[in-house]
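The values are calculated or read from the model by the stated rules, or taken from the named source; none is laboratory data. Predicted model, so just to flag it, every value in this text is computed and none were measured. Cβ placement follows ideal geometry from the backbone for every residue including glycine, while neighbour counts extend to all protein chains displayed.
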Amino acid sequence: MRRISFDQFSENVAIAIDALRVSKLRSALTILGVVIGVATVMTMATIVKGIRDQILTTISLAGPTTFYVVKFLSTTPVNPDQLPAHIRIRPDLRAEEARRIQQLPQIAYAGIWSQLQARVNYGSSRTRAALIYGADDHYQEVIGGELLEGRWFTKNELKSGAPVAVLQERHARQIFGRENPLEKTVQIGGRPVQVIGLYQDPANIFSPPGQEVAAILPFEYTWHAYNIDKTNALFIVVKPKPGITVADAEDAATVALREMRRLRPGDQNNFDLLSQDQILKVFMSITDIFFLVMIVLASVALMVGGIGVMAIMMVSVTARTREIGIRKALGATRRDIMLQFLIEAATLTGIGGLLGVVLGLAAGRGVTSLMNVQADAPLLQTLIAVAVSVGIGLTFGVVPARRAARLDPIEALRYE
């Protein structure tokens with residue numbers, strides 16, 4: 001097969017651009033479907049990449065060796081008022097178990113923590129419902145971040161369950177404005193608590209909307225002051241000592257818990273372990289499904305755009321029948337005519353693809369900014385999106401291009 005020269009290719013591209021200029025509105029409407037499809041793909045690719053990067057950063061900040069002991073491991077919260085029998089028979093986690101794990105030679109830290117959803121109020125200002133942690137003075141060591149002002153809890157405050165709190169800095173500014181929050185009393189979940197510190201999350205922590213951490217309280221206080229969901233919101237945080245693998249630390253913690261719960265060798269564990277790798281796998285599976293759904297939706301838009309390209313090229317062939325006859329009379333072969341219309345279709349969708357990439361990247365950057373997620377442009381997906389859009393033009397341009405190539409030159413010259 002004869003190869004396409006660069007001059008022939010550039011000439012066909014110029015002819016294609018001239019044809020698009022002649023029918024600007026028609027061409028714009030045709031590429032709209034391609035723009036929408038590619039923009040959707042790029043927007044979702046940017047969001048998914050940003051979220052994945054934030055998850056990896058968060059895990060590295062929190063420590064890849066950190067793992068959790070939970071009553072029951074589930075990807076979705078279970079209803080604590082209607083627990084299935086196999087969950088109901090499991091004992092709740094206890095502070096004594098965390099202390100026992102802490103004593104193991106393989107473990108650097110173990111502590112029992114809790115979570116709840118509540119608003120933080122000060123005067124007439126309040127935050128939206130956010131996460132409140134019941135933890136201890138090792139919170140920053142485990143999660144990362146920075147204490148901006150004030151202090152963490154004293155040993156006496158932790159032991160007695162004092163009503164004190166370290167507020168997340170952004171939430172504190174929301175309700176206090178320019179006023180200094182330290183030593184002020186706020187309402188958390190309807191209970192008065194004194195602010196002793198301001199904390200800032202790690203710079204790249206993954207915090208989906210509705211899941212931001214608003215405050216950290218002593219665990220003992222949350223245990224007595226609030227109704228804690230012991231199935232979904234109570235867990236033991238464990239960090240191995242340097243040089244100890246997660247697997248060895250998990251084995252040691254498992255043996256200690258089984259001994260405390262008097263489980264026999266043949267009995268199954270009545271608790272679950274959750275490692276950072278498992279958390280990562282759960283998030284990755286969720287984002288993979290989310291991305292797959294958006295790809296399917298975007299593919300529909302690309303198909304619509306491709307059909308539009310076919311329709312407009314069929315109209316273009318009919319409208320330019322006489323031009324085709326003149327080109328054939330001057331020596332153009334079927335291959336030359338087919339190549340001309342294929343390149344025109346690819347140019348049409350290529351322009352749509354480039355516009356879609358720009359629009360999609362801008363939209364993705366805007367959405368990730370609203371989510372407080374830093375996102376870089378997904379270069380691989382960008383190249384794929386442009387290639388797919390050009391491929392759409394070539395695929396759907398074959399039928400009209402073949403029709404143009406098969407026109408009889410005599411009949412084409414007689415066409416009015």
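Okay, residues lined up against (1) in the same structural domain as Val13 (by TED's automatic domain parsing); (2) closer than 30 Å to Arg402 by Cβ; (3) modelled with pLDDT of 75 or more; (4) out of contact with any strand residue (DSSP E or B) (no Cβ under 7 Å at 6 or more places or on another chain):
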residue	(1), (2), (3), (4)
Ser299	yes, yes, no, yes
Lys328	yes, yes, no, yes
Ala346	yes, yes, yes, yes
Leu359	yes, no, yes, yes
Asn372	yes, no, no, yes
Being under 20 Å from Thr222 (Cα atoms), surrounded by 18 or more Cβ atoms within 10 Å (Cβ to Cβ) and among the β-branched types (Val, Ile, Thr) is the filter here, so list the residues in region 143-191 that pass it. Ile143, Val164, Val166, Val186, Ile188
Tell me yes or no: at least one residue of region 195-209 is of a type in the set (D, E, K, R), within 24 Å of Arg94 (Cβ to Cβ) and surrounded by 15 or more Cβ atoms within 10 Å (Cβ to Cβ). no
Only unsatisfied item for Val195, checking (1) farther than 30 Å from Ile87 by Cβ; (2) at pLDDT below 95, is (2)
So in region 246-271, with the set limited to residues that are touching a residue at least 40 places away in the same chain (Cβ under 8 Å) and in a loop (DSSP other than H, G, I, E, B), which one is surrounded by the most Cβ atoms within 10 Å (Cβ to Cβ)? Phe271
Pairs returned, first residue in region 74-99 that is closer than 26 Å to Ala249 by Cα, second residue that is of a type in the set (S, T, N, Q) and surrounded by 11 or more Cβ atoms within 10 Å (Cβ to Cβ), beta-carbon separation under 7 angstrom, 6 or more apart or interchain, are Ile87/Thr231; Arg90/Asn270; Pro91/Asn270
Being surrounded by fewer than 20 Cβ atoms within 10 Å (Cβ to Cβ) and of a type in the set (Ser, Thr, Tyr) is the filter here; which residues of region 106-132 pass it? Tyr109, Ser124, Ser125
State yes or no: is Ala135 crowded, with 20+ Cβ neighbours inside 10 Å and assigned by TED's automatic domain parsing to the domain that holds Gly243? yes
Restricting to region 87-143, and then to whatever is out of contact with any Ser or Thr (no Cβ under 8 Å at 6 or more places or on another chain) and β-branched (Val, Ile, Thr), can you tell me which residue is nearest to Lys159 (Cα to Cα)? Ile112
